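A.B. asks: This structure is in structure tokens; I'll ask about it shortly.
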Amino acid sequence: MEKNRVEAFSDGLFAIVATLLVIELKLPDGPSVWLDLLSIGPKILAFVLSFLIVTMYWVAHHSMFNFVSRVDRNLLWLNNLSLLCVSFIPFPTAVLGNHPQDPNAIALYGITLILVNVTDTLAWSYAARKPELSGKHLTPHIATLVTRLHLSPVAAYTVAIVAGRFQPLLSLAIFVCVPLFFIIPNRWVSGNIRSSVK
């Protein structure tokens, strides 16, 4: 099967999820707009964080499918499993925005992100092992590198969950650092893959 419809469906879902994140932002009916904005500051920060993370996952999904030439039924469902986890992100984002220093809210947020990374890795690993699905530029080195990139945030999210029991602000800082690592150009992300394709 061609991959175009899978990419179109995935792009649509990512766009919807990114949009749904803002629904939780409602300005209270107070005496001052600026004071009201300040009162929902944690919700705004949770929105920005999750928007960066969702778009980070979209970029990763787009990059992954650059190395996939075709899809089969199993890859379709593995991709759907990953999208299921992505579509859940607005809920823990709302919980975190309402309870930014609650260890349980931090744990729920972190576990959700871990599930996204794990299911992404399952889909990627399946596609990378199938020569009839992977593109001609996919080498064993790239397959291993992408797997490591998919799994690397899991360690960070796990540390954030544990730290949330003692230092909630440290947990939030770790969550912020993950998308920044992938957004800011660096040789571990773009350089290694680019040099491997040449």
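Nothing in this text is a laboratory measurement; each read-out follows from the coordinates by a stated rule. It should be emphasised that the depicted structure is a prediction, and the values quoted were computed from it without experimental measurement. Methodologically, a virtual Cβ is constructed for each residue, glycine included, from the backbone with ideal geometry; neighbour enumeration extends over all protein chains shown.
So that you can scan it fast, the table gives a plain yes or no per residue for (1) more than 23 Å from residue 93 (Cα to Cα); (2) of a type in the set (A, V, I, L, M); (3) out of contact with any strand residue (DSSP E or B) (no Cβ under 7 Å at 6 or more places or on another chain):
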{"residue": "1", "(1), (2), (3)": "yes, yes, no"}
{"residue": "11", "(1), (2), (3)": "no, no, yes"}
{"residue": "15", "(1), (2), (3)": "no, yes, yes"}
{"residue": "18", "(1), (2), (3)": "no, yes, yes"}
{"residue": "25", "(1), (2), (3)": "no, yes, yes"}
{"residue": "29", "(1), (2), (3)": "no, no, yes"}
{"residue": "38", "(1), (2), (3)": "no, yes, yes"}
{"residue": "44", "(1), (2), (3)": "no, yes, yes"}
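A.B. asks: Taking only segment 55-103 into account, find how many residues are touching a residue at least 24 places away in the same chain (Cβ under 8 Å) and closer than 18 Å to residue 42 by Cα.
C.D. replies: Summing the residues that are touching a residue at least 24 places away in the same chain (Cβ under 8 Å) and closer than 18 Å to residue 42 by Cα in segment 55-103 gives 11.
A.B. asks: Still on this model: If I go through segment 112-161 residue by residue, how many of them are loosely packed, with under 15 Cβ neighbours inside 10 Å, part of a helix (DSSP H, G or I) and acidic (Asp, Glu)?
C.D. replies: Qualifying residue count for the region: 0.
A.B. asks: Exactly one condition in (1) over 17 Å from residue 81 (Cα atoms); (2) loosely packed, with under 14 Cβ neighbours inside 10 Å; (3) under 20 Å from the mean Cα position of the chain (by Cα) is not met by residue 16; state its number.
C.D. replies: Here residue 16 clears every test but (1).
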